[in-house]
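Structure, as structure tokens:
The values are calculated or read from the model by the stated rules, or taken from the named source; none is laboratory data. In this text, all values refer to a predicted model and were calculated from it rather than measured experimentally. Positions of Cβ are backbone-derived with ideal geometry, glycine not excepted, and every protein chain shown enters the neighbour counts.
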Amino acid sequence: MNIDQERLATTFTHLCQTDSPSRREGKIAAVLKNIFSDLAPDHFFEDDSAAITGSESGNLFFRFTGTTHQEPLFFNCHMDTVQPGVGVRVRREGDIFTSIGDTILGSDDKSGIAALIEALQVIRENNLPFRPVEIVLTTCEEIGLLGAKALNPEHILAKTGYSLDSSGFGRVITGAPASNRLQVTIGGVASHAGLHPEWGINAITLAGKALAQIACGRIDDQSTVNLGTIHGGTASNIVPEKVVIHGEVRSHSQHRLEELTSEIEAIFTTTVKNWRDPSGQAKGVPSLDFTSELDFPLMLLDREDQVIIEAEQAAQAVDLELTFERAGGGSDANIFNGYGLQTAIIATGMTHVHSTNEQVSLQDMVALTRLIIALMTR
């Protein structure tokens, strides 16, 4: 397999320098439509997810029939980037790519997309037999996996696949936690803090009493809790009548996820219920609205699963050593596994992601391309 390293570098640079912050993927979608159309997919379409996500583009699907009778396989990357991601200019020093320093680079996730494009170009140029392949490029991954959530899984024919989207290299992510998104609203009673403080109920004070009882951070080897934002009050001379808290619970155990969420709800409920009016003059009673919504489902693969076995075999074919790990974050792969599509995550070589120090090595992208080709042609 002769990987055209400079072509890969040029493709990657072009993708990175095409702005695509979340919900503004229109430009990168247009570029990718042109690139993939030159690779002659047998079927292409853009779904209608933009009406749900608010993106300039829907998710993109490119299907290649292949020349063998093996089971189809899909590959997933996301098109969007985090901010600051407008006006990206790529600096290359040897085989290392960075931005010029005032934006992110965009290797998350354009390193994966560039490797996919190069793999298909190599297969086509060398007339290599390959299995049916589907490419699924999503929008709005960085702001809550919105494109994957709005996707119709019936659009994907393959039952197994890989998300090319993780930092480091030679890593395959086999497990990622489920996450509940929390919103807690505590209602108090507003009053003038200087004239009639007894009439009010301080929602911030109630929130503080509850928060002091809730463990945050790493709870155990499977679970984390974070209460990340709190908003309340209107002025220093008004007893605050409302506080809104947003947080999350993550766990590699579905049972533990539900248990921790219930414990947090119970603490807020008990705190509000146990409120007592010290003066007997308060103009009401406090209230609580606690909502928990599944943000993304559990991802849990076994070493005996087909998608893991095929990754190991492909890596052996190109003399690449892989490690198999659990991760703490969510990705499109969580959503695909939730759809019943067995999906592992393959690292692309990117490092220091979501920062202006982000970088990736050309040699890692070359090795990733070889692995993809092996998966497509094994």
Tell me, please, whether a residue that is over 26 Å from GLU125 (Cβ atoms), in a helix (DSSP H, G or I), in the same structural domain as ARG131 (by TED's automatic domain parsing) and among the hydrophobic types (A, V, I, L, M, F, W, C) can be found in region 362-375. no
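Is at least one residue of region 73-85 over 24 Å from the mean Cα position of the chain (by Cα) and of a type in the set (A, V, I, L, M, F, W, C)?
no
Of everything in region 286-330, what is β-branched (Val, Ile, Thr), surrounded by 15 or more Cβ atoms within 10 Å (Cβ to Cβ) and not in a helix (DSSP H, G or I)? Give them in sequence order. Walk me through how you get there before you give the answer.
First pass over region 286-330, keeping only residues β-branched (Val, Ile, Thr): 291, 307-309, 318, 323.
Cutting the leftovers down to surrounded by 15 or more Cβ atoms within 10 Å (Cβ to Cβ) gives us 307-308, 318.
VAL318, the sole residue that qualifies.
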Give the residues of region 231-252 that are in a loop (DSSP other than H, G, I, E, B) and acidic (Asp, Glu), sorted by residue number. GLU241
When (1) farther than 15 Å from VAL136 by Cβ; (2) touching a Ser or Thr at 6+ places or on another chain (Cβ under 6 Å); (3) touching a residue at least 40 places away in the same chain (Cβ under 8 Å) are applied to ALA29, the one that fails is (1)
Condition check for LEU145: among the aliphatic types (A, V, I, L, M) and on the phi > 0 side of the Ramachandran plot: yes
Matching residues, region 351-369, being at positive phi and surrounded by fewer than 16 Cβ atoms within 10 Å (Cβ to Cβ): HIS354
Kindly establish whether LEU288 is more than 17 Å from the chain's Cα centre (by Cα), outside the structural domain of PRO129 (by TED's automatic domain parsing) and in contact (Cβ under 8 Å) with a residue 40 or more places away in the chain. yes
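When region 231-274 is examined, which residues are found to be in contact with a Pro (Cβ under 8 Å, 6 or more places away or on another chain) and buried (at least 16 other Cβ atoms within 10 Å of the Cβ)?
Answer for region 231-274, where residues must be in contact with a Pro (Cβ under 8 Å, 6 or more places away or on another chain) and buried (at least 16 other Cβ atoms within 10 Å of the Cβ): GLY232, GLY233, VAL239, ARG250, SER251, HIS252, LEU257, VAL272.
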Quick one: would you say LEU341 is touching an Asp or Glu at 6+ places or on another chain (Cβ under 7 Å), of a type outside the set (D, E, K, R) and not assigned by TED's automatic domain parsing to the domain that holds GLY228? no
What pairs come up if the first residue lies in region 215-235 and is farther than 21 Å from HIS255 by Cβ, the second is among the basic types (Lys, Arg) and surrounded by 11 or more Cβ atoms within 10 Å (Cβ to Cβ), and their beta carbons are under 7 Å apart, counting only those six or more places apart or on different chains? GLY232/LYS242
